[in-house]
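Asks: The structure's right below; bear with me while I get my questions together.
Every number here is computed from the coordinates shown, using simple stated rules; none is lab data. Model, not experiment: these values are computed from the prediction. With ideal geometry, Cβ positions are generated from the backbone for all residues, glycine too; neighbour counts draw on all protein chains shown.
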Amino acid sequence: MGLIHLDAGVVIGFLDADDAHHQSAAQALAAALRSGDRLAMAASAFAECLVGPSRRGERAIATVSDLFERLPIDIVGLDADTARRAAALRAKHAALRLPDALVIATASERSADHLITTDRRWPTARKLGLATPITVL
């Protein structure tokens, strides 16, 4: 039983059957649940998951909230150590955007066993100097 951190694109893809990542996101979540893994997500990524639903209204927001409760996916808040780690990642890797650095730093600071994203622009875990492996769907 491990700790799997998710990037927003995984949940967004899972919730949208027309999304290019829907199938791979569904498979990744199913595999994690079968393995008994715990799921977590940075609060900043959770906010990203709620942008589209917020445009559509309360019912769409409730659908996302329900998913997080049913799986469950723990929301991890930002603390000072994670903020410092994200800033260091962003400073060292100019192509890495701060929202992505926050997700990566959160997974790293929480000693996640794995981080799953749909973002192919991220540097590899090796380039980032992380012990946490990153899987791109």
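Asks: So what are the ³J(HN,Hα) numbers for the range 90-99, from phi and the Karplus equation (6.51, -1.76, 1.60; θ = phi - 60°), rounded to whole Hz, Gly and Pro as x?
Replies: 5, 5, 7, 10, 4, 7, 7, 6, 4, x
Asks: Report, in deg cm²/dmol and to the nearest 500, the calculated mean residue ellipticity at 222 nm for the chain, where each DSSP H run with n ≥ 4 adds -39500 (n - 2.57) and the sum is divided by the residue count.
Replies: It lands at -17000 deg cm²/dmol.
Asks: Using unit Cβ charges (K, R positive; D, E negative) and no other charged atoms, how large, in debye to the nearest 20, is the dipole of the chain about its Cα centre?
Replies: My answer is approximately 480 debye.
Asks: Based only on other Cβ atoms within 10 Å, what is the fewest-to-most ordering of Thr82, Thr135, Thr106?
Replies: Thr135, Thr82, Thr106
Asks: In addition: Determine the principal axes of the Cα atoms in the range 3-136, then give the extent along each, sorted from largest to smallest and rounded to whole angstroms.
Replies: 40, 32, 26
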